[in-house]
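Here is the structure we will look at, set down as structure tokens.
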Amino acid sequence: MERKDLAFQPIPGMTTPRFAGMPTFMRLPHLDIDSAQASKADIGIIGVPFDGGTSNRPGARHGPRQLRDLSTMIRTTHPRSGINPFELVNCADLGDAPVNPMDIMQSLELITDFYDQMLRKDIVPLTAGGDHLISFPILRALGRQAPVGMIHFDAHTDMNDAYFGDSKYTHGTPFRRAIEQGFLDPKRTIQIGIRGVKYDKTDFDWALAQGVRIVEIEELFERGVQSVMQEAREIVGHQTTYVSFDIDSIDPSFAPGTGTPEIGGLTTFQAQQMVRALDGLNLIGADLVEVSPPFDPSGGTAWVGVSIMFELLCVLATAQSTRSAASQE
Ligand code: MN
Ligand code: MN
């Protein structure tokens, strides 16, 4: 296959020190979504600086900026697979989606519009949140034609119905709304790493009744990462699949900078192994959410976050280059 021009390369760390210059995601070119250049992008890395869905401890609105900063530490070549995603596809920093911190519903519209623009240009989104509500407007764009499957790493199912009476759009409800509105296929959805004190013993009932597979942390540690990920691959199959990674799936000893930490979580290495096991799936987008810099100003949590984002970028790049090779045959 004739490889198209890989116009967008990270600034090399051996020529310009990685602490120098203006921080963009992975040191990639920053492109305006409306520009002609953006049409050449295969994968867009985007920030969604919104935490208006947070029910308790806020701060994830500051995530994209700190994640951009720490992402300049990332090099280019995967240590295990040898994949350099920037040699497979064109990746670019497409900036931040527009939001209105004073208006949840308007923000959800603005975010969906932004992702619709990307999809019209055939750009696969890799998103840095923001709180977990931002996955809803993304799924609304990606799942508009047909519901997508999802592999979801989190301490929480985020399948609650409503908060504080009748508030339906919070970071504890995005996947219930996405299933109800037909953007997410519950029978092709698996949630991994679930734990923490519940509101009630019926917390999981609605999701289980829809056919969602919930893997609680005890089962994960008993069976092991590879066994659970094999099951995850079988559940989503070859159809289009989204990956949502809540940083609180990782143990707070590694990632304390998040609003709703839960002890007894994944190690960073287990998290890497889990994302690596997504290789070869038909992935159409991914997000890394709930990094809240005010709870970890050192940037340690954001470093964990961008390291997972690089793992996600590698499996997305493989999926996107496989699709484009197939479409050109
Ligand atoms: Mn979550
Ligand atoms: Mn969570």
Give the percent of DSSP beta bridges with both residues in the chain that are antiparallel, rounded to the nearest 5.
5 percent
For the range 170-222, give the magnitude of the charge dipole about the Cα centre (Cβ charges: +1 Lys/Arg, -1 Asp/Glu; no others), in debye to the nearest 20.
220 debye
Burial ranking of peptide ranges 242-254, 160-172, 130-142 (average Cβ count within 10 Å, highest at the top)
130-142, 242-254, 160-172
Pairing the Cα long axis of helix 300-327 with the longest principal axis of the chain, what angle in degrees results, from 0 to 90 and rounded to the nearest 10?
70 degrees
Calculate, axis by axis, the spread of Cα positions in the range 17-176 along the three principal axes, and write the results as whole Å, longest axis first.
50, 34, 32
Once you keep just the Cα pairs under 8 angstrom separated by 6 or more residues, what percentage relative contact order results for the chain?
21 percent
Calculate how steeply helix 225-236 sits against the longest principal axis of the alpha-carbon atoms of the chain, using the helix alpha-carbon long axis, and give the answer as 0 to 90 degrees to the nearest 10.
90 degrees
Cα-based shape type of the range 167-220, given that a ≥ b ≥ c are square roots of the gyration tensor eigenvalues and the cut on a/c is 1.5
oblate
On a 0 to 90° scale, report how tilted helix 104-120 is relative to the longest principal axis of the chain, with both axes built from alpha carbons and the result rounded to the nearest 10.
40 degrees
Using amide H atoms built in the peptide plane, which far-off residues or other-chain residues are under 5 Å from ASP96 H to H?
GLY47
According to the square roots a ≥ b ≥ c of the eigenvalues of the Cα gyration tensor, what is the shape class of the chain, taking rounded for a/c under 1.5, prolate for a/b larger than b/c otherwise, and oblate for the remainder?
rounded
Let's see if you can work this out: charge +1 on each Lys and Arg Cβ, -1 on each Asp and Glu Cβ, no other charges. What is the dipole magnitude of the range 175-329 about its Cα centre, in debye to the nearest 20?
340 debye
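Bear in mind that the values in this text are calculations on the coordinates, not laboratory data. Every value quoted in this text rests on a predicted model; they were computed, and no experiment measured them. Methodologically, a virtual Cβ is constructed for each residue, glycine included, from the backbone with ideal geometry; neighbour enumeration extends over all protein chains shown.
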